[in-house]
Amino acid sequence: MGGENATAKPAFDTEQPCLRCHIDKRGPFVFEHASVRVEGCTACHYSHGSTNTRLLRRPVVFTLCLECHNGAGTFGRENSGVFATSNSHNLLDPRYQRCTMCHVRIHGSNSDPTFLR
Amino acid sequence: MALLRNFKLMLMFVPALLCGQETVAPTKDAPVGPAGGQDAGGYNVVQSWEFGYRFATVGGDQEKYRSDVNFGNGIRLLGSSLTVNSQGGRAKWFDELTLTTQGLGNDPYESAALRVGKNRLYEYDMTWRQNAYFNPGLVTSAGEHVMNTTYRWQDHDVTLLPQNWFRVHAGYSRVTQDGPALATQQEFDSTGDIFPVFRNVRDQYNEYRLGGDIRAHGLKLTILRRWEYFREDTLDSTTSTETGVLNPAPDASTLTRFSRTQPYKGQTPTWFGNLYFERKLFTIDARLTYAAGRGAFVQNELAAGIDRFGTAQNRQIAMSGTGNRPVTAGDFNITILPESRFNLVTGVSVSDTRTNGSNIYEQFDNATLSFATLDFQFLGIRLLTSSTVARYRFTRAFNMFAGFRYSDREVRSIEDSTSPGFPFSGTVAEQVNLLRAGSAGFNWTPLRNLWVHGEAEIGRTNNPFTPISLRNYQAIRSKVRYRRRSLSMSAGYQENYNNNSIAITAYSSRSRSYSAEGSWAARRWVSFDAAYSKLHLDTIGGIAFFAGPASAVSLFSNLQSVYISNLHALNLNVKLSLGRRADLYLGYSLTKDTGDGRGSLAAQPNAVTQLLYNVQSYPLSYQTPLARVSWRLNERLRFNVGYQYYGYHEEFGLLGYNQGYRANTGYTSLLWSF
């Protein structure tokens, strides 16, 4: 299912209502996860209910991440693409199947551009 | 557009509805006490209080049960209701008081609501909720990201002169989350091991509101000032030596000491204004808001241990900085009503979000300053939209509407990092995304009790922000509803297709939702409710990643991420009155995802395709039958007993985890009106 089209939202939505309770995702952060700010929480979550853990749009997290981080050429803020995963990330290694084990601040970080802390 | 938003909302709500069958307690719809209440001191009082004992026995995955259901054993005030209304509406302090509670006394979901008001003078509303939040996060983090926290919400709203042309509003809200959690931390380099750390979660949000509105001569003006304060004082630490989480051997790295404090404080003062003006031939609705979000933070992190090469390490990170996010948004809509059959709504809206943050980052490795950086980032989102919708009523029974929407979104960023003493140079990027969408629909009432609705939307965007964003999409929504006396039936169909094809990858998503529901009060003593829905989802997205044996990791770029879900939901309810003394309620709820229909996990040609194949669908089932009986002992007292079963079953589990459980829960209670 496609994400809610942020360009179709009324301009009046100044804040994601989710952030009222999920205070730690609020920011503003030095390093914003751009898709969170541009497309909103529904880029990754079915915010009103899902059979997947943490209301994610996919049952496991790595497929969710890889659908954007696939090296596609015309997306992202720099028009040079959303970065593909590093060649150090062997997806057959269980730790790289759980992206947020290392990228713990995936919603935004004040210290690390790759959201490691 | 509105259709798309509603459609998406409905799709997202479906799973919530499936799992949202009412719990067995408290006892609902069981009257107790005098039907007209009691008169005392100039007031009429209606009240009931349900005290009882709740029990639960659980087999299987206890953590998943705690995440989904979480009912335990113990004495509860399962529910209560108190309504006090003044006789004549001229009491001294209040004319209306309503208090309801549910689950007080350690249920995982507790709530209370209070309303007090005096005619023409004031209204006060309070809601309070407390939820126990437990999340094992097995699939996303191998059980290393556990949350065992408590959320508390409270909202207070006062309206002075509620029936006057001039009203004053004031309010206060507070949200907190606190409790223990587990998290992970990667040390001591970018491919280093992952260590579990203890997390003491402390988040807090406070909001104050003050405003007023004026209503006169078809005009309504609302002004609201809001102050939001939020803070995060979460602490991370370890209490003993930790080894790596997922890769303990041959990697012998250890984390002997870790602590991190990272207090964050922010505030968002906001102005909000709304002007609504109504005349016979037109209405005007204009809104404007400005929110000046800002925050400040410091961080001190200390980690000591042995890295993956066997070298002793100690690392300290000191950081401070600020972030700002001013948001300005407004819209202006005119509805033109030239004659009774026709109206035209046209509007324009603008929003501008500018996020910028900076920090000073210093890292000390083995007591030596390794590097210091100054970071700056800016992310700006400017959105301009205009829309027009025309509606024409051909007959009393049939009307149609059609609309067009145009959006222009610009996303800009500036990113930079430098060392102290060196100037910023800045990498600037910009992207523009245009959306053109059209929609049309109708409402038809062919028979007095029959209503038919249909609408469709087609949209095209030229430069979606992410590979999964909407590009070429279409949405359909239709519904049929029939109502006659004690019978109501409805059926609906919705679909949403998106195709986002680009140079390297393509992304396609399709969802279709079918639903039907009926309600029939066959007799005074028996009624039936039934609902069924099916939600089909399928997506295919091109992905690229590195994988392979440790000695020969290579790039895979021609694979696809496939996800298929076929979610069936069934709800059945029967309410029976057994004579004058007993009421029986039977319910059954089933949520079943059949996935892509696979009966087993078929062997794939290699480990990479096997990994992707295993997570293409997530077949599971969740069912909760329940029964509740309420006996009327006398006019003021009822005895209640109920039972509810929860069964959760995953066909194959994911990534080595299967979280099935079975739970028997129930309660006994006395519902009392004294």
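The values are calculated or read from the model by the stated rules, or taken from the named source; none is laboratory data. Being a predicted model, the structure only gives us computed values, none of them experimental. Cβ atoms come from the backbone with ideal geometry, glycine included; neighbour counts cover every protein chain shown.
Look at B:HIS217 and say whether it is farther than 25 Å from B:ASN131 by Cβ and touching a Ser or Thr at 6+ places or on another chain (Cβ under 9 Å).
When the stated conditions are applied, B:HIS217 does not pass them.
Scan segment B:455-462 and tell me whether some residue there is more than 26 Å from the chain's Cα centre (by Cα) and more than 27 Å from B:LEU384 (Cα to Cα).
no
Take the residues of segment A:47-61 that are within 7 Å of chain B (Cβ to nearest Cβ) and touching a residue at least 12 places away in the same chain (Cβ under 8 Å): which is surrounded by the most Cβ atoms within 10 Å (Cβ to Cβ)?
A:VAL61
From the set of residues in segment B:536-595 that are among the basic types (Lys, Arg) and outside any strand (DSSP E or B), which is farthest from B:THR27 (Cα to Cα)?
The extreme case among them is B:ARG580.
Which one of these is facing chain A (nearest Cβ under 10 Å), modelled with pLDDT of 90 or more and more than 24 Å from B:ILE502 (Cβ to Cβ): B:LEU567, B:LEU572, B:LEU537?
Sole residue among the options that is facing chain A (nearest Cβ under 10 Å), modelled with pLDDT of 90 or more and more than 24 Å from B:ILE502 (Cβ to Cβ): B:LEU567.
Taking B:VAL201, is it among the hydrophobic types (A, V, I, L, M, F, W, C), within 10 Å of chain A (Cβ to nearest Cβ) and more than 30 Å from B:PHE272 (Cα to Cα)?
Spelling it out, B:VAL201 is indeed among the hydrophobic types (A, V, I, L, M, F, W, C), within 10 Å of chain A (Cβ to nearest Cβ) and more than 30 Å from B:PHE272 (Cα to Cα).
Return the residues of segment B:378-427 that are surrounded by 17 or more Cβ atoms within 10 Å (Cβ to Cβ), more than 10 Å from chain A (Cβ to nearest Cβ) and aliphatic (A, V, I, L, M); say none if nothing qualifies.
B:VAL389
Quick grid of which residues meet (1) within 30 Å of B:GLU242 (Cα to Cα); (2) at the interface with chain A (Cβ under 10 Å from one of its Cβ atoms); (3) modelled with pLDDT under 95:
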position: B:SER259; (1), (2), (3): yes, no, no
position: B:THR283; (1), (2), (3): no, no, no
position: B:ASN300; (1), (2), (3): yes, no, no
position: B:ILE306; (1), (2), (3): yes, no, yes
position: B:THR311; (1), (2), (3): yes, no, yes
position: B:MET319; (1), (2), (3): yes, yes, no
position: B:THR322; (1), (2), (3): no, yes, no
position: B:ALA329; (1), (2), (3): no, yes, yes
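Filter segment B:322-370 down to residues that are basic (Lys, Arg) and over 30 Å from B:PHE394 (Cα atoms) and give me whichever is surrounded by the most Cβ atoms within 10 Å (Cβ to Cβ).
B:ARG325
Within segment B:541-587, count every residue that is out of contact with any Lys or Arg (no Cβ under 6 Å at 6 or more places or on another chain) and closer than 30 Å to B:LEU671 by Cβ.
Within segment B:541-587, residues that are out of contact with any Lys or Arg (no Cβ under 6 Å at 6 or more places or on another chain) and closer than 30 Å to B:LEU671 by Cβ number 16.
For segment B:561-579, give me the residue count where each residue is of a type outside the set (S, T, N, Q) and over 30 Å from B:PHE545 (Cα atoms).
Matching residues across segment B:561-579 total 9.
When you scan segment A:1-42, how many residues do you find that are at the interface with chain B (Cβ under 7 Å from one of its Cβ atoms), at pLDDT 50 or above and under 13 Å from the mean Cα position of the chain (by Cα)?
Count: 7.
Determine which single condition B:VAL608 fails, assuming it passes every other condition in (1) in contact (Cβ under 8 Å) with a residue 24 or more places away in the chain; (2) aliphatic (A, V, I, L, M); (3) in a loop (DSSP other than H, G, I, E, B).
Condition not satisfied by B:VAL608: (3).
Okay, residues lined up against (1) under 25 Å from the mean Cα position of the chain (by Cα); (2) within 26 Å of B:ILE540 (Cβ to Cβ); (3) away from chain A (no Cβ under 11 Å):
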| position | (1), (2), (3) |
| --- | --- |
| B:ARG477 | yes, yes, yes |
| B:ARG481 | no, no, yes |
| B:SER486 | no, no, yes |
| B:SER511 | yes, yes, no |
| B:TYR514 | yes, yes, yes |
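Please count how many residues of segment B:579-597 are away from every other protein chain (no Cβ under 14 Å) and touching a residue at least 24 places away in the same chain (Cβ under 8 Å).
So the count comes out to 10.
Kindly evaluate B:PHE309 against the criterion of being farther than 30 Å from B:ARG202 by Cα and in a strand (DSSP E or B).
no
Examine segment B:638-656 for a residue that is of a type in the set (A, V, I, L, M) and touching an Asp or Glu at 6+ places or on another chain (Cβ under 8 Å), and state whether such a residue exists. Spell out the reasoning first.
If we filter segment B:638-656 for residues that are of a type in the set (A, V, I, L, M), which is where we start, we get B:641, B:654-655.
Cutting the leftovers down to touching an Asp or Glu at 6+ places or on another chain (Cβ under 8 Å) gives us none.
No, the conditions are met nowhere in segment B:638-656.
Of the conditions (1) more than 14 Å from every other protein chain (Cβ to nearest Cβ); (2) closer than 30 Å to B:ASP538 by Cβ, B:GLY438 clears all except one; give me its number.
Result: B:GLY438 passes all but (1).
If A:ASN52 satisfies every condition in (1) under 25 Å from B:GLU651 (Cβ atoms); (2) in contact with a Leu (Cβ under 8 Å, 6 or more places away or on another chain); (3) modelled with pLDDT of 85 or more but one, which is the exception?
Answer for A:ASN52: the failing condition is (2).
Condition check: more than 26 Å from A:ARG98 (Cα to Cα) and crowded, with 16+ Cβ neighbours inside 10 Å. Does B:SER565 satisfy that?
Criteria not met by B:SER565.
Any residue at all in segment B:207-230 that's at the interface with another protein chain (Cβ under 9 Å from one of its Cβ atoms), basic (Lys, Arg) and within 28 Å of the chain's Cα centre (by Cα)?
No, because not a single residue in segment B:207-230 is at the interface with another protein chain (Cβ under 9 Å from one of its Cβ atoms), basic (Lys, Arg) and within 28 Å of the chain's Cα centre (by Cα).
Considering only segment B:453-475, state which residues are at the interface with another protein chain (Cβ under 8 Å from one of its Cβ atoms) and at pLDDT below 95.
The answer is B:THR461, B:ASN463, B:PRO464, B:PHE465, B:THR466, B:PRO467, B:ILE468, B:SER469, B:LEU470.
So which residues in segment B:466-520 are within 26 Å of A:HIS33 (Cβ to Cβ), of a type in the set (S, T, N, Q), touching a residue at least 12 places away in the same chain (Cβ under 8 Å) and crowded, with 20+ Cβ neighbours inside 10 Å?
Once the filter is applied, which keeps residues that are within 26 Å of A:HIS33 (Cβ to Cβ), of a type in the set (S, T, N, Q), touching a residue at least 12 places away in the same chain (Cβ under 8 Å) and crowded, with 20+ Cβ neighbours inside 10 Å, segment B:466-520 yields B:SER469, B:ASN496, B:ASN498, B:ASN500, B:THR505, B:SER509, B:SER511.
Of the residues in segment B:642-674, how many are within 12 Å of chain A (Cβ to nearest Cβ), in contact with a Phe, Trp or Tyr (Cβ under 8 Å, 6 or more places away or on another chain) and hydrophobic (A, V, I, L, M, F, W, C)?
1
Of the residues B:ASN658, B:ASN614, which single one is closer than 30 Å to B:GLN560 by Cα, in contact with a strand residue (DSSP E or B) (Cβ under 6 Å, 6 or more places away or on another chain) and modelled with pLDDT under 95?
Numbers: B:ASN614 fails: in contact with a strand residue (DSSP E or B) (Cβ under 6 Å, 6 or more places away or on another chain).
None of the others qualify; the one that does is B:ASN658.
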